[in-house]
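S.K.: Quick one: this structure, given as structure tokens, is what I'll be asking you about.
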Amino acid sequence: MTDHQALNILLVDDQRLLRMGFRLILEGEDDFTVVGEASTGLESLAMTAQLKPDIVLMDVRMPEMDGIEATRRIAAEHPDVKVIILTTFDVDEYAFEGLRAGASAFLLKDVEPEELVSAVRVVASGDAVVAPRVTQRLLETYVRAPQKQPVPLASLSSKHPAPLTTHTGPGGDLTPREMEVLGAISEGLSNAEIAQRFFLSEATVKTHVRRILTKLDLRDRVQAVVYAYEHGLVIPGAREE
């Protein structure tokens, strides 16, 4: 998507009033277009296939098919479509399952209008994890890492990182620098912030991120964060404040 193209958004929620509120907020932006509304997971699948939205705002608890299964199907069948899970609580097992299913972020249903707009733009750009502190808290609460020897996040992404060995795991192997970048991604840092931390250009950081996602066969940055936690590459609660 170029800067001059509109973002097409599909709203999925069984509450008509909530859909109306989100539509009013989103259509207040010149570059946002709400292309459709669905009230069930099944409807969201059909409308995604028909309308090809850039972003799907997806509720979790719906009749016929819940938002988790719908997200899983959309991620598998339409990899270019990004899903944002809508949840009631900031630490919610459904929100985490949504991330595991392929969602790119989650938002609270009572999100402020400007935060909703910002989140949609961030997810569309693919540059950063939405609400990194909340996302990390969710991961720290629900991820149960395998019994491995994990690498603390402080070692992965501190300004003076400890020596790292190349990581070999499912989907490929990461170089020490890619491990550092993965650790920084797990903190929710943007490409610009990662570049500043490691004294790299943003173009170089983008290359590292792309290689990490390719090697590990991951959909986007949020999936990289989930991967890092689930495979013991970071320790929940061990990050630097």
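S.K.: Rule-of-thumb check for the range 1-125: C-alpha Rg over 2.2 N^0.38 Å?
M.R.: 0.93
S.K.: Using alpha carbons only, how many angstrom separate the centre of the range 13-70 from the centre of the range 188-219?
M.R.: 30 Å
S.K.: Separate question: Return one whole number: the accessible area per residue of the range 7-125 in Å², for a 1.4 Å probe.
M.R.: I get 44 Å² per residue for this part.
S.K.: Given H placed on each backbone N at 1.01 Å, which residues far from residue 7 in sequence or on other chains put an amide H within less than 5 Å of it?
M.R.: Answer set, sorted by chain and number: 32, 33.
S.K.: Quantify, in whole percent, the carbon and sulfur part of the accessible surface of the range 2-100 (1.4 Å probe; protein heavy atoms only).
M.R.: Taking all protein chains in place, the range 2-100 shows 49 percent carbon and sulfur surface.
S.K.: Still on this model: Which order, highest average first, do 40-48, 180-188, 71-79 follow once you tally other Cβ atoms within 10 Å for each residue and take the mean per peptide?
M.R.: For the peptides 40-48, 180-188, 71-79, the packing ranking is 180-188, 40-48, 71-79.
S.K.: OK, next. Read phi for every residue in the range 215-226 and hand back ³J(HN,Hα) as whole Hz from Karplus 6.51 cos²θ - 1.76 cosθ + 1.60, θ = phi - 60°, with x for Gly and Pro.
M.R.: Values per residue, Gly and Pro as x: 5, 8, 6, 10, 6, 6, 5, 5, 5, 5, 5, 4 Hz.
The values are calculated or read from the model by the stated rules, or taken from the named source; none is laboratory data. The structure displayed is predicted, hence computed values, not measured ones. Cβ: placed from backbone, ideal geometry, glycine included. Neighbour counts: every protein chain shown. These area figures cover heavy atoms from the full protein model, side chains too; ligands, DNA and RNA do not enter into them. Shrake-Rupley method; radii C 1.70, N 1.55, O 1.52, S 1.80 Å.
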